[in-house]
Amino acid sequence: MQPPAASETPAPPSDAAPPAHVALLLHGAPAGASVLLGDEPLGSAATPVRLPFGKSPLTLTVSAPGYEPLALEVVPERDREAEVKLKRRAPRPKPGGTVPSDLESPF
(Lines give C-alpha, C1' and ligand atoms only; values in the text may rest on other atoms or scores of the structure.)
Protein backbone atom coordinates (compact mmCIF):
# COMPACT_ATOMS: atom_id res chain seq x y z
CA MET A 1 0.00 0.00 0.00
CA GLN A 2 1.39 3.39 -0.97
CA PRO A 3 1.22 6.44 1.34
CA PRO A 4 -1.13 9.21 0.18
CA ALA A 5 0.29 11.77 -2.24
CA ALA A 6 1.38 15.14 -0.80
CA SER A 7 -1.74 16.91 -2.11
CA GLU A 8 -4.08 14.38 -0.54
CA THR A 9 -5.00 14.87 3.09
CA PRO A 10 -6.26 11.88 5.01
CA ALA A 11 -9.71 12.38 6.52
CA PRO A 12 -9.61 13.18 10.23
CA PRO A 13 -11.00 10.53 12.56
CA SER A 14 -14.73 10.85 13.11
CA ASP A 15 -14.24 11.46 16.84
CA ALA A 16 -12.02 14.53 16.23
CA ALA A 17 -13.28 17.77 17.73
CA PRO A 18 -14.62 20.28 15.19
CA PRO A 19 -12.41 23.30 14.45
CA ALA A 20 -13.09 26.53 16.33
CA HIS A 21 -13.10 28.51 13.08
CA VAL A 22 -13.45 27.94 9.35
CA ALA A 23 -12.28 30.12 6.47
CA LEU A 24 -14.44 31.70 3.77
CA LEU A 25 -12.75 32.96 0.61
CA LEU A 26 -14.82 35.26 -1.59
CA HIS A 27 -14.24 35.67 -5.32
CA GLY A 28 -15.51 38.56 -7.45
CA ALA A 29 -15.87 41.21 -4.74
CA PRO A 30 -14.80 44.71 -5.83
CA ALA A 31 -11.73 46.41 -4.39
CA GLY A 32 -12.35 47.77 -0.91
CA ALA A 33 -15.17 45.30 -0.15
CA SER A 34 -15.65 44.25 3.46
CA VAL A 35 -17.53 41.42 5.17
CA LEU A 36 -19.78 41.87 8.20
CA LEU A 37 -21.64 39.47 10.47
CA GLY A 38 -24.50 41.60 11.74
CA ASP A 39 -22.77 44.84 12.79
CA GLU A 40 -19.42 43.10 13.45
CA PRO A 41 -16.76 43.61 10.76
CA LEU A 42 -15.01 40.33 9.91
CA GLY A 43 -12.43 41.73 7.51
CA SER A 44 -11.67 42.45 3.90
CA ALA A 45 -13.31 40.39 1.17
CA ALA A 46 -9.89 40.20 -0.53
CA THR A 47 -8.55 37.80 2.10
CA PRO A 48 -10.03 34.67 3.71
CA VAL A 49 -12.52 35.58 6.45
CA ARG A 50 -12.60 33.56 9.69
CA LEU A 51 -16.04 32.39 10.79
CA PRO A 52 -16.95 30.56 13.99
CA PHE A 53 -17.59 26.87 13.25
CA GLY A 54 -21.25 25.89 13.35
CA LYS A 55 -24.04 23.91 11.69
CA SER A 56 -26.50 26.83 11.57
CA PRO A 57 -26.49 29.29 8.66
CA LEU A 58 -24.95 32.73 9.16
CA THR A 59 -26.05 35.74 7.13
CA LEU A 60 -23.05 37.81 6.11
CA THR A 61 -23.12 41.20 4.40
CA VAL A 62 -20.58 42.04 1.71
CA SER A 63 -20.35 45.77 1.06
CA ALA A 64 -18.13 48.15 -0.89
CA PRO A 65 -18.24 51.89 -1.60
CA GLY A 66 -20.42 52.62 -4.64
CA TYR A 67 -22.14 49.20 -4.53
CA GLU A 68 -25.35 47.83 -3.07
CA PRO A 69 -24.68 45.55 -0.05
CA LEU A 70 -25.11 41.83 -0.71
CA ALA A 71 -26.48 39.35 1.84
CA LEU A 72 -24.78 35.96 1.71
CA GLU A 73 -25.93 32.91 3.70
CA VAL A 74 -23.21 30.45 4.70
CA VAL A 75 -23.20 27.32 6.88
CA PRO A 76 -19.75 27.48 8.50
CA GLU A 77 -19.21 23.74 8.91
CA ARG A 78 -16.05 23.65 6.74
CA ASP A 79 -13.68 25.91 4.82
CA ARG A 80 -15.36 27.12 1.65
CA GLU A 81 -15.25 29.54 -1.27
CA ALA A 82 -18.08 31.62 -2.70
CA GLU A 83 -18.58 33.78 -5.79
CA VAL A 84 -20.14 37.19 -5.16
CA LYS A 85 -21.26 39.92 -7.55
CA LEU A 86 -22.21 43.28 -6.10
CA LYS A 87 -24.44 45.66 -8.08
CA ARG A 88 -23.31 49.23 -8.62
CA ARG A 89 -25.45 51.84 -6.93
CA ALA A 90 -27.42 54.15 -9.21
CA PRO A 91 -25.73 57.54 -9.50
CA ARG A 92 -27.22 60.22 -7.32
CA PRO A 93 -28.90 63.11 -9.10
CA LYS A 94 -26.82 66.26 -9.26
CA PRO A 95 -27.86 68.98 -6.84
CA GLY A 96 -29.70 71.90 -8.30
CA GLY A 97 -32.67 72.24 -10.56
CA THR A 98 -33.35 69.31 -12.80
CA VAL A 99 -35.85 71.34 -14.86
CA PRO A 100 -34.29 73.23 -17.76
CA SER A 101 -34.36 76.98 -17.21
CA ASP A 102 -36.62 77.61 -20.24
CA LEU A 103 -39.29 75.40 -18.64
CA GLU A 104 -39.16 76.96 -15.15
CA SER A 105 -42.20 78.90 -14.02
CA PRO A 106 -41.70 82.65 -14.38
CA PHE A 107 -44.03 83.23 -11.42
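Looking only at residues of the stretch 72-91 that are in contact with a Pro (Cβ under 7 Å, 6 or more places away or on another chain) and surrounded by 13 or more Cβ atoms within 10 Å (Cβ to Cβ), we find that the one that is nearest to residue 59 (Cα to Cα) is 74. With at pLDDT 85 or above, hydroxyl-bearing (Ser, Thr, Tyr) and exposed (fewer than 13 other Cβ atoms within 10 Å of the Cβ) as the only criterion, which of 61, 47, 98 stands out? The match here is 47.
The set of residues from the stretch 33-76 being closer than 13 Å to residue 87 by Cα and of a type in the set (A, V, I, L, M, F, W, C) comprises 33, 62, 64, 70, 71.
The values are calculated or read from the model by the stated rules, or taken from the named source; none is laboratory data. Everything quoted here is computed from the prediction, not taken from an experiment. Virtual Cβ from ideal backbone geometry, glycine too; neighbours counted across all protein chains shown.
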